[in-house]
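A.B. asks: Below are the structure tokens for one structure; questions will follow.
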Amino acid sequence: MRVLVLLGAPGAGKGTQAHVLARHLGLPRVATGDLFRAAVREGTPLGLAAKEYMDRGALVPDEVTVGMLLERLAAPDAARGVILDGFPRTRSQAQALDRALAERAAEVEAALLVDVPPDELLARLSGRWLCEAAGHTYHETAYPPRVAGICDICGSRLLQRDDDKPEIVRARLEKQLGALEDVVDHYRAAGVLQAVDGRRPIAAVTNDLLDCIEPVPYWRTHP
Ligand code: AP5
Ligand code: MG
């Protein structure tokens, strides 16, 4: 089982890169933020509980988040491995993941930190548009879609997230960056942390991430 963890502040580019890596590596992308948003849309008890935290820019409690993630990891399509996007977000989530993987004789292969300074994140999130069907990500000035309001990849409608309003973004950064540091420390201590400069263009960041995990350069396998 191949488990890669993408780490980064809100808006650092985790989702953008996770979609590309998932296609390239043939592994499912598992994003706890997407799982929560789906539960909110469906109005399930989990969604109602999570919404209260998401609307305040706070992390959803570990008891709720870990159970949801472990259930997703038990699905058949995750048997070969996963790209985790947005999980773990606390040291306790990281420890729970380690324990669950150890039960399957597996471990986190790499924790890849997409590093972007806080002053760039507000601009990224306030200009973000996501496709309704699959969450493919655009930015209204840096990475616009070919046709305004429509996803280049799957043709579905582009929407903005409720928590991308400037006041909620500020709360997300304020409340979540400390916990990110704890998770970074956890993986640094485990010897699997690698950081890339997330301020570079999207394709350059992708290549840097692939360099971290693939001994053979991408261009040699995709001439
Ligand atoms: P989640 O959905 O995970 O949000 P997040 O971590 O805040 O991160 P984002 O999805 O906002 O940013 P991203 O890093 O994916 O950036 P993106 O690629 O979109 O979580 C939402 C909420 O759910 C949390 O606040 C919390 O309440 C809850 N939650 C989720 N997981 C949880 C957990 N494990 N525990 C507890 N609570 C949890 O890119 C952003 C923008 O930048 C886009 O417009 C993109 O086009 C642009 N961009 C990307 N890369 C570049 C680049 N290289 N250069 C220029 N622009 C770029
Ligand atoms: Mg995301």
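A.B. asks: Show the residue pairs that are 6+ apart or on different chains and have beta-carbon atoms under 6 Å apart, the first residue being within segment 180-194 and in contact (Cβ under 8 Å) with a residue 60 or more places away in the chain, the second being among the aromatic types (F, W, Y) and in a helix (DSSP H, G or I).
C.D. replies: L193/Y187
A.B. asks: Do we find a residue being within 23 Å of R172 (Cβ to Cβ) and assigned to a strand (DSSP E or B) anywhere in segment 85-98?
C.D. replies: yes
A.B. asks: Among the residues of segment 141-165 satisfying the criterion of being within 27 Å of A195 (Cα to Cα) and over 16 Å from the mean Cα position of the chain (by Cα), which is surrounded by the fewest Cβ atoms within 10 Å (Cβ to Cβ)?
C.D. replies: Among those that are within 27 Å of A195 (Cα to Cα) and over 16 Å from the mean Cα position of the chain (by Cα), it is T141.
A.B. asks: Still on this model: Being more than 16 Å from ligand 2 (Cβ to nearest atom) and crowded, with 18+ Cβ neighbours inside 10 Å narrows it down to one residue among L48, L73, L6; which is it?
C.D. replies: Result of the check over L48, L73, L6: L73.
A.B. asks: Pairs only if they're at least six apart or on different chains, beta carbon under 6 angstrom, first in segment 68-79 and assigned to a helix (DSSP H, G or I), second among the hydrophobic types (A, V, I, L, M, F, W, C); list them, first residue then second.
C.D. replies: Partner pairs satisfying both residue conditions: M68/L35; L69/F87; L70/A100; R72/V30.
A.B. asks: Given the criteria out of contact with any helix residue (DSSP H, G or I) (no Cβ under 6 Å at 6 or more places or on another chain) and either within 10 Å of ligand 1 (Cβ to nearest atom) or aromatic (F, W, Y) (or both), does P88 qualify?
C.D. replies: no
A.B. asks: Something else now. Go through R41, R56 for me and flag whichever is surrounded by fewer than 17 Cβ atoms within 10 Å (Cβ to Cβ) and near ligand 1 (Cβ under 10 Å from one of its atoms).
C.D. replies: That would be R56, the only listed residue that is surrounded by fewer than 17 Cβ atoms within 10 Å (Cβ to Cβ) and near ligand 1 (Cβ under 10 Å from one of its atoms).
A.B. asks: Out of the residues in segment 109-140 that are touching a residue at least 60 places away in the same chain (Cβ under 8 Å), within 30 Å of C154 (Cβ to Cβ) and more than 16 Å from ligand 2 (Cβ to nearest atom), which is surrounded by the most Cβ atoms within 10 Å (Cβ to Cβ)?
C.D. replies: A111
A.B. asks: Moving on to the next point. Given A171, A106, which one is touching a Gly at 6+ places or on another chain (Cβ under 9 Å), farther than 14 Å from P10 by Cα, surrounded by 13 or more Cβ atoms within 10 Å (Cβ to Cβ) and not basic (K, R)?
C.D. replies: A106
A.B. asks: Output the residues belonging to segment 46-67 that are of a type in the set (A, V, I, L, M) and not in a helix (DSSP H, G or I).
C.D. replies: A58, L59, V60, listed by residue number.
A.B. asks: Of all residues in segment 150-183, which are more than 24 Å from L7 (Cα to Cα) and among the β-branched types (V, I, T)?
C.D. replies: If the condition is that a residue be more than 24 Å from L7 (Cα to Cα) and among the β-branched types (V, I, T), then I150, I153 are the ones that fit.
A.B. asks: Which one of V114, V82 is within 12 Å of ligand 1 (Cβ to nearest atom) and either part of a strand (DSSP E or B) or more than 22 Å from G191 (Cβ to Cβ) (or both)?
C.D. replies: Within the list V114, V82, the selection yields V114.
A.B. asks: Going by what's in this entry, would R199 be described as more than 28 Å from A38 (Cα to Cα), within 9 Å of ligand 1 (Cβ to nearest atom) and surrounded by 14 or more Cβ atoms within 10 Å (Cβ to Cβ)?
C.D. replies: yes
A.B. asks: Next up: Please list, ordered by first then second residue, the pairs with beta carbon atoms under 6 Å, 6 or more apart or interchain, first in segment 151-172 and in a helix (DSSP H, G or I), second surrounded by 13 or more Cβ atoms within 10 Å (Cβ to Cβ) and of a type in the set (A, V, I, L, M).
C.D. replies: Close Cβ pairs (under 6 Å, with a partner that is surrounded by 13 or more Cβ atoms within 10 Å (Cβ to Cβ) and of a type in the set (A, V, I, L, M)) amount to D163/M54; D164/L125; V169/L122; V169/L125.
Throughout, read-outs are computed from the coordinates displayed, never taken from laboratory work. As the structure is a computational prediction, the values presented were derived from the model and not from experiment. Reconstructed Cβ throughout: ideal geometry from the backbone, glycine too, with neighbour counts over all protein chains shown.
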